[in-house]
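Notes to accompany the following structure.
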Protein chains: 2
Amino acid sequence: MSEPAPTPSDDALRAWFLGPRAENAELLERLLVEALRDHVFWRRNHHPEDGFTIHELDKRREAYDAAVATLTQELMGLLAELKRGVPFFSGRYKGHMAFEQTIASQVGYFAAMLYNPNNVAIEASPVTTRLELEVGRQLARMIGYDPASAWGHLTSGGTVANFEALWVARNVIYFPLAARGAADELGVRLEVTGPAGHRAPLASLDLPELLNIPAAPALDLWDELWQAAPRERVHDALLRHSLQALGYQDYALRLSEAFGDPLPPSVVLVAASAHYSWEKIVRALGIGSNQLVFVPLDDRYRLDPDALWERVVDLTHRRVPILACVSVCGTTEESAVDRLDLVQEVRSRAETELGVTFHLHSDACYGGYAAALTWDAEGRRRSAEELRAEFATGAEPAGPHDVRTREPSGAWPSEGWVRSMEALAETDSVTIDPHKLGYIPYPAGAIVFRDRRMRELVAIDPPYLLPTQGLGSSEDLFLGRFVFEGSKPGAAAASVWLSHKVLPLDERGYGRLIGRTVVGARRLYRALGEADLEPFRLVRLPEPDINIVCFILTHPSLGSLAEVNALNEGVYARMSLSEPGAQPDYIITRTRFQTPMYDGAVGPVLEALGTGTLEGWRSGGKAGLVVLRSTVMDPFMGFAGSGPDHTAGFVEALRAAACEALAALSGP
Amino acid sequence: MSEPAPTPSDDALRAWFLGPRAENAELLERLLVEALRDHVFWRRNHHPEDGFTIHELDKRREAYDAAVATLTQELMGLLAELKRGVPFFSGRYKGHMAFEQTIASQVGYFAAMLYNPNNVAIEASPVTTRLELEVGRQLARMIGYDPASAWGHLTSGGTVANFEALWVARNVIYFPLAARGAADELGVRLEVTGPAGHRAPLASLDLPELLNIPAAPALDLWDELWQAAPRERVHDALLRHSLQALGYQDYALRLSEAFGDPLPPSVVLVAASAHYSWEKIVRALGIGSNQLVFVPLDDRYRLDPDALWERVVDLTHRRVPILACVSVCGTTEESAVDRLDLVQEVRSRAETELGVTFHLHSDACYGGYAAALTWDAEGRRRSAEELRAEFATGAEPAGPHDVRTREPSGAWPSEGWVRSMEALAETDSVTIDPHKLGYIPYPAGAIVFRDRRMRELVAIDPPYLLPTQGLGSSEDLFLGRFVFEGSKPGAAAASVWLSHKVLPLDERGYGRLIGRTVVGARRLYRALGEADLEPFRLVRLPEPDINIVCFILTHPSLGSLAEVNALNEGVYARMSLSEPGAQPDYIITRTRFQTPMYDGAVGPVLEALGTGTLEGWRSGGKAGLVVLRSTVMDPFMGFAGSGPDHTAGFVEALRAAACEALAALSGP
């Protein structure tokens, strides 16, 4: 395949980052100094009649001078320390999902940080709370939600965002049950629409039916309940029936009293590829990690929709309620993009055929920004064909040692990939981390709900607020009411906002940027396929859905999986900063495929390796299979000839590390 | 009282901040540019042989130029927007707990942000993870914990920190029960020490006894269980018995099966003054807000220790387990400091007399840094007397309209205040927000556990890690294993670290800074007491324990609480940025004393107001009592004569706002 020709967007790309040689240092310095001085003069313009608090003569005092000396000295110490940091900016860094940040996001963060707004409430952030909500609408639009009815906000990161998704999901899915209790108590008759679209009196539903109301009718029910009786009475009645108030222990008791029907605890279905933080989340929420049901992967590391259907049928037969299904858009290990369109089909089928529904969440913390690829500058969707033409990403030639998958490798993106991105619009919530593929400084996670009413179910009233005053009111803009966190940096909102202004969430901005990283990842993938590493063998895992390239090294002398793992751990140790003082020429990282999560995916990998069996791998438990992993977030990797070519160097470093690691294995 | 004379520390203080007129602009700019250029040259030193990715000629291209133009333009737009932000830096801002940040924290944040380390794992933050753990030790030392056995880290803010405290507490308090199940299954005999110090076989304890093991013996039991059988077996057995794995629903079922004893759900005792986020936290954890038991306040807004004892006795009689008690060090509304020493006495008494214990947590998110006042430069404790001498903060003269409290106003700090700060050392965990009284940019919350082993009970294994490799190993430094959040900004750690270097956590640094704000708050308090606002009356609430001054305005024509509230809401509206476009000369904020939380504290306030009764206030529900509130974080407020004096202007602004608000009440 020939590389795509540079376009005007590619020229723009060179202005978006400081650059590996800090080529844009002048630009960044100019803008930072501008932002600082602008802030300085703002202070001086604020009631200039107040005069000075710190006088020039104060600066001549010994203790003032000593304080400045301490500050300067300690800063120099910090700057020296920081040099032992990770060169994420370099084309030589091919490890975790980290690169440098856009200049826009750095300057935006810094400019707003000087004002230190707190987005907990509009009163402490008159500007940046609005920017945060605008970012929420931008992300909603990129997902395909209607920004007018959706609601999104920033979080400290993906864990809190995903936590919030499941917290809200629990409240929505359990709400009809609480509404039933409250309505009975208030003597109010309400109707509700079930998963198959039939409307029925709330009082006529049994327990499993009450736990299977889709989000939209559950939220309609919420609105209707509040209108059916005085607010204060509804509020008090809900306190006596909602899980939020009762807690799980009393709630479970209440259920068996009211319905004589102690259903098993609700479960959360997650793609087996899901991030380890999901376990933390269900533990913390009191759901319990035993209620986390892993849905098997296919051999491309995507949630297997057929397996999902089987799980849903099985759970339904065992009368186990399903709280939510978590699909992944861009796994953290492989950048695999679940076929969300097919997942959504499973939910539709469950609703009509089984009368069962659940909250559908996409964990797009890593891959969400790739949805920008599917939009043109006029807000129209782009086809897979158009994208393939733009990035010239045809099928890569198969290597002799490649993992053979059912779906053959092909041009990128596939029709299914584009449909999966479009299907984000069909979910109930999506989490996206601007601090990953948004190239924004930490901390910047985000969550978007399709229906803004969801936030009401977790809202809380701080003492200084009276009940709802309507959209756009200071209460509506009091984010601390609706989100899990309280104080949060307005600077993060300004950072994301400014970056979205400079790099629009479509083909011109983030679409182009991420498309370029895909080109770069495939270039690395090709180089690994073509590399002659004899006597080592390099087994490439399937082509990535976005930009994470995974592979395993082996050697004819290694007869067991444990030995292969040791070789790859050795390579990793030599190509990472995990050891203090290490200065590797190229940096990679690694993951570990473990049972039972990777049961559906690991077979063809073991086959290509020619070492170990599925049974042996399974019985190895946590040792699993070590996989080397390179995230290509560097967009310049996708340009041939116009800068350093790191593919050849990378392959050489790999060979050297493998030789050393093998020698170390054999021992002295 | 005469003001304290300026000391060398006060001269240093003038170097610590940019200043209200940006008097230290040159210093800040010099350090920022230094940090930026240092980073730039670090990049250029990294494999200089790689050459350039962005060439000077690239910068001549149209699209590059257009991108720079867009960036510059949009930044100018952002800078213009930001000017509608809150002038936290000004002596005229006397609202929420916000001021400007230390120069050290700003420069530290910025310098590290350029490297964008991610403190989720040492691999992504070789420098800043270590700085974060050092900050944890510094905070531990300030609290009085042994830094060698304690463990602390940063969070995105107070909500996540407090959430983590309760999450960990739940795991510690429920652990002996899980250990009992696991030990039975493994056929292992263990002993454990109960609350009264008696050692007994684990298998001999009944359910209430198992739920009342103090933290230290529970953690010893943890260590012993892991040593009593192979790790893998212990791991699997715990999965079958721990709340983390089972979730609440199955857990409750298991309990009644195993013990035939369905105890009521565990409760969390919190000071009635506790932040509203505690309700969010117990809801999210699945504990339920009904299980949040408010402990009444005394008339100084501090948790009433006698009431706590009564609650504990009553709960014990009703066989209700107590998960934790949350005491507050520096309430967000009044800066009240609970008598933690007396709270700790209640726990000790409960242990010996009732056989009951619980996790003791101090929510010192706001006030924790004030503990710096109790340390001298050599690490010795300072007495109340020494502090009173240093800050010359004698008793304020009583105003004619002051609230009369049982404990009369007196010199600051009281003996009890110092003992409360010292008692932080007796808690199981403390949360402290550097982004509050640490004068650090958002986001920077923190939590410290007295016993580092607590973190093991919530640890999780990401796929790329093998089991524990010991202290200082890369696993030990993988913070994402032990904390709730995942990705988090290393820049925040550098920011706090550098600020602690420049302002030590003792009398020289933060102690001096915060002491100065207390002096300033008392100066404002005195000015309000002396102000002649006829025909209005200003009722001062009791002298603050730290630096938040609360008061209420009234007028002879106002006959009901509703009218008094309306007047104060009117004053607030005129002295805040809550309305778009408002440009008040002075900025305050307000809170609302609500029933039942303030039942123990509001009586003397109503009496001083001469309007409304306790019953009337109670039946008013959420309307409560509006209280005006001024946080004095500005240390320069504590200097007389050396800068603008904002007390007179503040009083004038108050009078004008009151007149306007009253006129608006009377209507046109």
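Please treat every number below as a calculation from the coordinates, not as lab data. None of these values were measured; they are calculated from a predicted model. Virtual Cβ from ideal backbone geometry, glycine too; neighbours counted across all protein chains shown.
Say the dipole of region B:3-114 comes from +1 at the beta carbon of Lys and Arg and -1 at that of Asp and Glu; which of B:52, B:111, B:93 then lies farthest toward its positive end?
So the residue we want is B:93.
Sorted by packing (mean other beta-carbon atoms within 10 Å per residue), highest first, where do B:533-539, A:616-622, A:307-313 land?
Top to bottom by mean Cβ count within 10 Å: A:307-313, B:533-539, A:616-622.
In Å, what Rg and Dmax follow from the Cα atoms of the protein assembly as shown?
Using the Cα atoms of the protein assembly as shown, the pair Rg, Dmax is 30.6, 96 Å.
Check residue A:125: other-chain or 5+ apart residues with amide H under 5 Å from its amide H, H built from backbone geometry?
Those lying under 5 Å, H to H, from residue A:125 are A:118.
Which whole-Hz couplings ³J(HN,Hα) result when phi for each residue of region A:237-249 is put into the Karplus expression 6.51 cos²θ - 1.76 cosθ + 1.60, θ = phi - 60°, listed in order with x for Gly and Pro?
Working through the residues one at a time gives 5, 5, 4, 8, 10, 8, 4, 3, 8, 6, x, 4, 5 Hz.
How do A:204, A:414, A:420 line up, fewest other C-beta atoms within 10 Å first?
Values: A:204 9, A:414 17, A:420 28.
Going from least to most buried by this count: A:204, A:414, A:420.
How big is the dipole moment of region B:516-666 about its Cα centre under a simple scheme where the beta carbon of each Lys and Arg is +1, that of each Asp and Glu is -1, and everything else is neutral? Debye, nearest 20, please.
For this selection, approximately 280 debye.
With an 8 Å Cα cut-off and a minimum separation of 6 or more residues, compute the relative contact order for chain B in percent.
Numbers: 1219 pairs, mean separation 131.6, N = 668.
Rounded, it is 20 percent for chain B.
Where the label is 7 Å out from Cα toward Cβ, how close does residue A:392 come to the same position in every other copy, in nm, shortest first?
Spelled out, the distances from residue A:392's label point are 7.9 nm.
Hey, got the average number of other protein chain Cβ atoms within 10 angstrom for residues in A:245-258?
Details: counts 8, 7, 14, 11, 14, 7, 6, 7, 5, 0, 1, 1, 0, 0.
Mean inter-chain Cβ contacts per residue within 10 Å come to 6.
Counting only the backbone N, which residues of region A:50-76 are under 16 Å from the spot 7 Å out from the Cα of residue B:645 toward its beta-carbon?
Within reach of a label on residue B:645, which here means backbone N under 16 Å from a point 7 Å along Cα→Cβ, region A:50-76 contributes A:50-53.
Residue B:146 versus residue B:7, label points 7 Å from Cα toward the beta carbon: distance in nm?
Once both label points are built, they end up 3.1 nm from each other.
Over region B:516-666, what is the relative contact order in percent, taking alpha-carbon pairs closer than 8 angstrom and at least six residues apart? Mind showing how you got there, number by number?
Values: 232 pairs, mean separation 51.4, N = 151.
It rounds to 34 percent for region B:516-666.
Per q in 0.15 Å⁻¹, report the Debye log10 I(q)/I(0) for region B:93-144, using one uniform scatterer on each alpha carbon and no solvent.
-0.59
Please list 3J(HN,Hα) in residue order for region B:369-375, calculated via the Karplus relation 6.51 cos²θ - 1.76 cosθ + 1.60 where θ = phi - 60°; whole Hz, with x for glycine and proline.
5, 5, 4, 4, 4, 8, 10
Grab the beta carbon distance between residue A:60 and residue A:34, set R0 = 25 Å, and tell me the FRET efficiency rounded to 0.05.
Details: r = 30 Å, r/R0 = 1.20.
Result of the calculation: an efficiency of 0.25.
Take residue B:233, project a point 7 Å from its Cα along the Cβ direction, then tell me which residues of region B:164-197 have their backbone nitrogen under 18 Å from it.
Hits in region B:164-197 for residue B:233 at 18 Å: B:179-191.
Under a point spin-label approximation (7 Å from Cα along Cα-to-Cβ), what is the residue B:317-residue B:377 distance to one decimal in nm?
With each label point 7 Å from Cα toward Cβ, the separation is 5.6 nm.
What number, rounded to the nearest 500 deg cm²/dmol, is the helix-based mean residue ellipticity at 222 nm of chain B, given -39500 (n - 2.57) per DSSP H run of at least four residues and division by all its residues?
On the way: 21 runs with 280 residues, N = 668.
After summing the helix terms and dividing by residue count, I get -13500 deg cm²/dmol.
May I ask you to work out the translational diffusion coefficient for chain A at 10 °C, viscosity 1.306 mPa s, via Stokes-Einstein with Rh from the Kirkwood sum over Cα pairs, reported in whole µm²/s?
Using the Kirkwood radius from Cα pairs, D works out to 59 µm²/s.
Using modelled backbone amide H atoms (1.01 Å from N, in-plane), which distant-in-sequence or interchain residues come within less than 5 Å of residue B:295's amide H?
HN-HN under 5 Å from residue B:295: B:270, B:271, B:272.
Provide the FRET efficiency to the nearest 0.05 for the residue B:310-residue A:184 pair, computing r from the beta carbons and using R0 = 45 Å.
Values: r = 36 Å, r/R0 = 0.79.
The value I calculate is 0.80.
Would you list, by chain and number, the lysines whose Cα falls below 30 Å from the Cα of residue A:622, excluding same-chain residues fewer than 8 positions away?
Residue A:622 reaches A:94, A:280, A:436, B:488.
Can you list the copy-to-copy distances for residue A:407, using a point 7 angstrom from Cα toward Cβ, in nanometres, shortest first?
Result, one decimal in nm: 6.7.
Which ³J(HN,Hα) values in Hz, rounded to whole numbers, follow from the phi angles of region A:194-205 under the Karplus curve 6.51 cos²θ - 1.76 cosθ + 1.60, where θ = phi - 60° and Gly and Pro get x?
x, x, 8, x, 8, 9, 8, x, 4, 5, 8, 7
With just the Cα atoms of region A:510-666, tell me how far they stretch along each of the three principal axes, in Å, largest first.
That gives 47, 33, 30 Å along the principal axes, largest extent first.
Just the number, please: Stokes-Einstein D of region B:179-252 in µm²/s, Kirkwood Rh from C-alpha pairs, 25 °C, 0.890 mPa s.
Values: Rh = 12.7 Å.
Using the Kirkwood radius from Cα pairs, D works out to 194 µm²/s.
Across peptide A:7-19, what mean number of C-beta atoms from other chains lies inside 10 Å of a residue's C-beta?
On the way: counts 1, 6, 2, 4, 10, 10, 5, 9, 13, 4, 2, 6, 6.
Taking all residues of A:7-19 together, the mean is 6.
If amide H atoms are built 1.01 Å from N in the plane of the peptide, which residues on other chains or at least 5 residues away come under 5 Å of the amide H of residue B:155?
B:445, B:446, B:447
How far is residue A:293 from the same spot in each other copy, in nm, shortest first, if each label point sits 7 Å from Cα toward Cβ?
The projected label point of residue A:293 is separated from its counterparts by 3.8 nm.
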